[in-house]
Amino acid sequence: MKKLLSLMFALVLTAACSSSENSFKGKEYKMNDADNDAEIILGFDGEENRYFGKVVNNYFGQYEVEGNTIKFGPAGATMMAGPENLMKAESQYLMTLPTVNAFVLDGSKLTLKTSDGKELVFEEVEKTQEK
């Protein structure tokens, strides 16, 4: 009986750890208080370590996660023009993304923390893209 309880506890603990680490997978988020009133969307593929999103242009790339640390690889993006204020917000955001080094997931709120202490706060939204 003790062995069975120990095994069940280990399985529950393993499942809890793995689900909290990847719980943003397959979800999309919208940035709160984005510069220039831009609508910045960030999504995560449900199966691979790929991110995607949209500001004016669609963007995409790969990321690595370990515990609460995250590293975004370089973003590729489409090259459509838009209003100057939104293009500026997009450019700044895409330059900030590679400086993110940690995240906090609290329910539907995802906070990305940069190496210089900046925080990008997102709220989960309904999926807009299929990836």
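Under a point spin-label approximation (7 Å from Cα along Cα-to-Cβ), what is the residue 66-residue 25 distance to one decimal in nm?
According to this spin-label approximation, the distance is 1.8 nm.
Any chance you could look up the accessible area of residue 27 with a 1.4 Å probe, heavy atoms only, rounded to 10 Å²?
That residue has around 60 Å² of solvent-accessible surface.
Which peptide among 104-110, 44-50 comes first, and what is the full order, when sorted by highest mean count of other Cβ atoms within 10 Å?
The peptides rank, most packed first, as 44-50, 104-110.
In terms of modelled amide H atoms, which long-range or inter-chain residues lie less than 5 Å from the amide H of residue 102?
70, 113
Starting from the amide H of residue 125, placed 1.01 Å from N in the peptide plane, find each other amide H under 5 Å away whose residue is 5 or more places distant or on another chain.
The list, which skips near neighbours in sequence, is 28, 29, 30.
Expected output is a single nm value to one decimal: the length gained when fully extending between residue 81 and residue 104, i.e. 0.36 nm times separation in residues minus the C-alpha distance. What is it?
5.0 nm
Among 53-59, 116-122, how do they line up from the highest to the lowest mean number of other beta-carbon atoms within 10 Å?
With the highest mean Cβ count within 10 Å placed first, the list reads 53-59, 116-122.
As I understand it, the dipole of the range 36-131 uses +1 on the Cβ of Lys and Arg and -1 on the Cβ of Asp and Glu, about the Cα centre. Which of 74, 125, 63 lies farthest toward its positive end?
Of 74, 125, 63, it is 74.
The values are calculated or read from the model by the stated rules, or taken from the named source; none is laboratory data. These figures come from a predicted structure and were not determined experimentally. Please note: Cβ atoms are built from the backbone with ideal geometry, for glycine as well, and neighbour counts cover all protein chains shown. Remember, those area values only see protein heavy atoms, side chains included, never the ligands or the DNA or RNA. Shrake-Rupley method; radii C 1.70, N 1.55, O 1.52, S 1.80 Å.
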